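Engineer: A single structure is presented below for examination.
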Amino acid sequence: MGYTLTEKIIYSHIKDKTLPKKNEEFYLDIDYTLTQDATGTLVYLEFMSMGLETVRTKLSLSFVDHNTLQTGFENADDHLFLETVADKYGILFSKAGNGICHQVMLERFTKPGITLLGSDSHTPTSGALGALAIGAGGLDVAVALSGKPFKMKMPEIVNIKLTGKLKKYVSAKDIVLEVIKRVGTKGGLNKIFEYSGDGASALSVFERATICNMGAEMGLTSSIFESDTKTLEFLKLEKRSEDYIELKADEDAIYDSIININLEEVEPLVACPYSPGNVKPLKELIGLKVDQVLIGSCTNSSYKDMATVASILKGKKVSSDVSFGINPGSRQVLKMMSDSGVLSTLISAGARILESSCGPCIGMGQAPRTDSVSFRTYNRNFLGRSSTLSAKVYIVSPIIASIIALYGEVVDLDKIDINLDEFTTPSTFDIDDSMILAPSFKKDVIMGPNITPIPKFDKLEKKLNLPIILKLKDDISTDDIMPAGAKILPFRSNIEKLSDFSFYNFFKGFKAKALENKNSVILAGLNYGQGSSREHASIIPRYLGIRAILALSFSRIHRQNLINFGIVPIEISANLYESLNEDELINLDFSNLDKNIVYINDDEVKTSFTQNEIDILKEGGLLNTI
């Protein structure tokens, strides 16, 4: 029996050369790590607490790409902290303006066959180059920086077989939206999607990156494409063909399941408010007036994306009713746009050129007006993520976004004829790594006044009598728990100040109620903690006294983050969920946690913790355990 591509990479990165069984916990050696500034400050505070002199990975990178709006000293102080930490401990540092971490990783660092662990849920973007790239909580990344392997459960491996060719106006974004439409936002839990088939082979690395990026919206552990001629073509353009190796699944590899997609049947799709899983055919929205169009983010900000937009807009003007913005994925992309005329074309068409950063995707600028409709090429459209609660945000491809920008509304594609072939990818890329700083190991770490220590938490008591202070529905995201945006992100390093904003969009009195009760519980529905890997959505509730979350199910990364900070994530039945109410006092009994049994009042609830997770919970979190 042959191996899948995922199994081959796992096999080459485990000490015991025996592949683990499905759902069995194992230790994966990590080659590279990635952090960004919204999560990185906590990662490095955690790493520094371990007392090591240098990082112990093959390569570690720190990017500044999220908190780049400097409306006060906080973000600038964080950037200096990150730069000096990188210099002291042996980490490459990508300065603000150099680009979005996932785009720069693809361009300059990712290699086929490596393992990459990143403190960002969209780290699997690097699967476009045949790497096994996994998003994780910051504390897990800090542990990987110390040279320890990443503990994970053996996922199911699903073959997404793409056949045929895409029709006009259909792109890679529509492929991944089609996959999300089929499996849903919860359908990828503890799974890795491997893409294959002649349809996959025809896709460029840029297109593959779009698909791997949005795998996070299905809860996937990762997504991956084979390393093939398209991979080599890309690496040659980046002047690092020496990084190429061919990697593919064996012909007799056995997958847990197969999903067949005929690309000729895929149509332009749109994810409607307020979930990437709310996917509909674009034609159902014909006539919808649009106020804002934004193109870019880590999902669709490659040179190919930008050139495609320019081919549509060349010689034209966007609608006067539309606010139109572009954020290129990297400085390399921006320079190539400038050299090729793409940038001039977009400026002439009426585009606002934004910084090469995450920007509006994370709520940093370009917040839409009240009650507006915004079409974006980003990956998430959760309620309030744009920083405007009343705005309706839709997710589409760059092709569709450009057409909408021209007309100011969703149009019938059968009644228009748009050129898509004006700009092509250059035969060589302009390589300039001068904004990526190598460590000198000489600088002292500088911490501004906004950076505060990681709180210390008590061990888990065997019995607790606690109130339920919130009862929530399905699909609560980490944006809901700990919002982003220009007003909040600057306090990522200040736990006390950041706690003011916990559940801010749902219940502005959450902090006061939590502190009043000292210790408490949250009750939730399915897929609690979907979205971003931000561990702030775990550490802040624990700081405010949340000791357990009772939910119908949890997202993968958030579940582990809760454990890492000593909050017990307990999956409960629908009947128990319905029987419990907000402000109700309940008894939690953890006396038999070693046997994976928890008592909620008189109900016995069977849990599925590994012994390692149980040990961490009993100690009050991973830092206590270490």
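The values are calculated or read from the model by the stated rules, or taken from the named source; none is laboratory data. Everything numeric in this text was worked out from a predicted model, so none of it was measured. When we count neighbours, we look across all protein chains shown, and the Cβ atoms used for this are built from the backbone with ideal geometry, even at glycine.
Engineer: Output the qualifying pairs, or none if there are none: Cβ atoms under 8 angstrom, residues six or more apart or on different chains, first residue in the stretch 10-30 and more than 18 Å from Leu247 (Cβ to Cβ) and of a type in the set (Lys, Arg), second residue part of a strand (DSSP E or B) and at pLDDT 95 or above.
Structural biologist: Going by the 8 Å Cβ cut-off, the qualifying pairs are Lys15/Tyr27; Lys22/Glu156.
Engineer: Consider Ile549 carefully, then state whether it is assigned by TED's automatic domain parsing to the domain that holds Val605, within 26 Å of Ile362 (Cα to Cα) and out of contact with any His (no Cβ under 8 Å at 6 or more places or on another chain).
Structural biologist: Taking the combined requirement at face value, the residue satisfies it.
Engineer: Name the pairs whose Cβ atoms lie under 7 Å apart, with the first residue in the stretch 276-290 and exposed (fewer than 14 other Cβ atoms within 10 Å of the Cβ), the second modelled with pLDDT of 95 or more and of a type in the set (Phe, Trp, Tyr), and 6 or more positions between them or separate chains?
Structural biologist: As it stands, the answer is none, since no pair meets every condition given.
Engineer: OK, next. Suppose we filter Leu45, Leu52, Leu61 for residues that are assigned to a loop (DSSP other than H, G, I, E, B) and among the hydrophobic types (A, V, I, L, M, F, W, C); which single one remains?
Structural biologist: Going through Leu45, Leu52, Leu61 in turn, just one is assigned to a loop (DSSP other than H, G, I, E, B) and among the hydrophobic types (A, V, I, L, M, F, W, C): Leu52.
Engineer: For the stretch 585-615, name all the residues that are of a type in the set (Asp, Glu) and touching a Leu at 6+ places or on another chain (Cβ under 9 Å).
Structural biologist: Answer for the stretch 585-615, where residues must be of a type in the set (Asp, Glu) and touching a Leu at 6+ places or on another chain (Cβ under 9 Å): Asp589, Asp603.
Engineer: From the residues in the stretch 265-275 that are of a type outside the set (Phe, Trp, Tyr) and in contact with a strand residue (DSSP E or B) (Cβ under 8 Å, 6 or more places away or on another chain), which one is surrounded by the most Cβ atoms within 10 Å (Cβ to Cβ)?
Structural biologist: My answer is Ala271.
Engineer: Additional query: Name the residue that is farthest from Lys8 (Cα to Cα), counting only residues in the stretch 117-131 that are in contact with a Pro (Cβ under 9 Å, 6 or more places away or on another chain) and among the aliphatic types (A, V, I, L, M).
Structural biologist: Across the stretch 117-131, the extreme among qualifying residues is Leu129.
Engineer: Next question, about the same structure. Outside any strand (DSSP E or B), at pLDDT 95 or above and over 20 Å from Glu207 (Cβ atoms): does that describe Asp120?
Structural biologist: yes
Engineer: Given the structure, is Lys168 out of contact with any strand residue (DSSP E or B) (no Cβ under 9 Å at 6 or more places or on another chain) and either at pLDDT below 95 or within 19 Å of Pro268 (Cα to Cα) (or both)?
Structural biologist: Taking the combined requirement at face value, the residue satisfies it.
Engineer: Any residue at all in the stretch 95-105 that's surrounded by fewer than 24 Cβ atoms within 10 Å (Cβ to Cβ), in a strand (DSSP E or B) and either assigned by TED's automatic domain parsing to the domain that holds Arg556 or touching a helix residue (DSSP H, G or I) at 6+ places or on another chain (Cβ under 7 Å) (or both)?
Structural biologist: Checking the stretch 95-105: not a single residue is surrounded by fewer than 24 Cβ atoms within 10 Å (Cβ to Cβ), in a strand (DSSP E or B) and either assigned by TED's automatic domain parsing to the domain that holds Arg556 or touching a helix residue (DSSP H, G or I) at 6+ places or on another chain (Cβ under 7 Å) (or both).
Engineer: Test Ile261 against the criterion of being β-branched (Val, Ile, Thr), in the same structural domain as Leu166 (by TED's automatic domain parsing), surrounded by fewer than 23 Cβ atoms within 10 Å (Cβ to Cβ) and assigned to a strand (DSSP E or B), and give yes or no.
Structural biologist: Answer is yes for this residue.
Engineer: Among residues belonging to the stretch 234-252 that are farther than 16 Å from Phe429 by Cα and aliphatic (A, V, I, L, M), point out the one that is surrounded by the most Cβ atoms within 10 Å (Cβ to Cβ).
Structural biologist: Ala249
Engineer: Moving on. Taking the stretch 490-516 as the search range and keeping residues that are surrounded by fewer than 21 Cβ atoms within 10 Å (Cβ to Cβ) and among the basic types (Lys, Arg), which one is farthest from Tyr543 (Cα to Cα)?
Structural biologist: Lys508
Engineer: Looking at the stretch 139-179, which of the residues that are polar (S, T, N, Q) and in a loop (DSSP other than H, G, I, E, B) is nearest to Cys212 (Cα to Cα)?
Structural biologist: This residue is Ser171.
Engineer: Hey, can you tell me all the residues within the stretch 563-582 that are surrounded by 12 or more Cβ atoms within 10 Å (Cβ to Cβ), more than 29 Å from Gly137 (Cα to Cα) and touching a residue at least 60 places away in the same chain (Cβ under 8 Å)?
Structural biologist: Passing the criteria: only Leu580.
Engineer: So, in the stretch 57-94, of the ones that are surrounded by 24 or more Cβ atoms within 10 Å (Cβ to Cβ) and β-branched (Val, Ile, Thr), which residue ends up farthest from Leu232 (Cα to Cα)?
Structural biologist: Val85
Engineer: Scan the stretch 220-232 and give yes if some residue there is of a type in the set (Lys, Arg) and in contact (Cβ under 8 Å) with a residue 40 or more places away in the chain, otherwise no.
Structural biologist: no
Engineer: Please find, within the stretch 1-19, the residue that is surrounded by the fewest Cβ atoms within 10 Å (Cβ to Cβ) out of those that are modelled with pLDDT of 95 or more and over 20 Å from Gly147 (Cβ atoms).
Structural biologist: Tyr11
Engineer: Let me ask something else. Does the stretch 152-160 contain any residue that is surrounded by fewer than 20 Cβ atoms within 10 Å (Cβ to Cβ) and in contact (Cβ under 8 Å) with a residue 24 or more places away in the chain?
Structural biologist: Checked the stretch 152-160: at least one residue is surrounded by fewer than 20 Cβ atoms within 10 Å (Cβ to Cβ) and in contact (Cβ under 8 Å) with a residue 24 or more places away in the chain.
Engineer: State yes or no: is Asp228 assigned by TED's automatic domain parsing to the domain that holds Ala307 and more than 30 Å from Lys151 (Cβ to Cβ)?
Structural biologist: Here the answer is no, as Asp228 does not meet what is asked.
Engineer: Can you go through Gly287, Gly277 and tell me which one is small (Gly, Ala, Ser) and under 21 Å from Ile416 (Cβ atoms)?
Structural biologist: Gly287
Engineer: Same structure, new question: Being touching a Leu at 6+ places or on another chain (Cβ under 6 Å) and aliphatic (A, V, I, L, M) is the filter; apply it to the stretch 550-562 and report the residue that is surrounded by the fewest Cβ atoms within 10 Å (Cβ to Cβ).
Structural biologist: Leu552
Engineer: Continuing with the same structure: Can you go through Glu355, Glu267 and tell me which one is in contact with a Pro (Cβ under 6 Å, 6 or more places away or on another chain), assigned to a loop (DSSP other than H, G, I, E, B), on the phi < 0 side of the Ramachandran plot and not basic (Lys, Arg)? So that I can check it myself, show each step before the final result.
Structural biologist: Values: Glu355 fails: in contact with a Pro (Cβ under 6 Å, 6 or more places away or on another chain).
Result: Glu267 is the single residue among Glu355, Glu267 that is in contact with a Pro (Cβ under 6 Å, 6 or more places away or on another chain), assigned to a loop (DSSP other than H, G, I, E, B), on the phi < 0 side of the Ramachandran plot and not basic (Lys, Arg).
Engineer: If you check Ile557, Ile546, which single one turns out to be closer than 22 Å to Lys151 by Cβ and of a type in the set (A, V, I, L, M, F, W, C)?
Structural biologist: Checking each option against the conditions leaves just Ile557.
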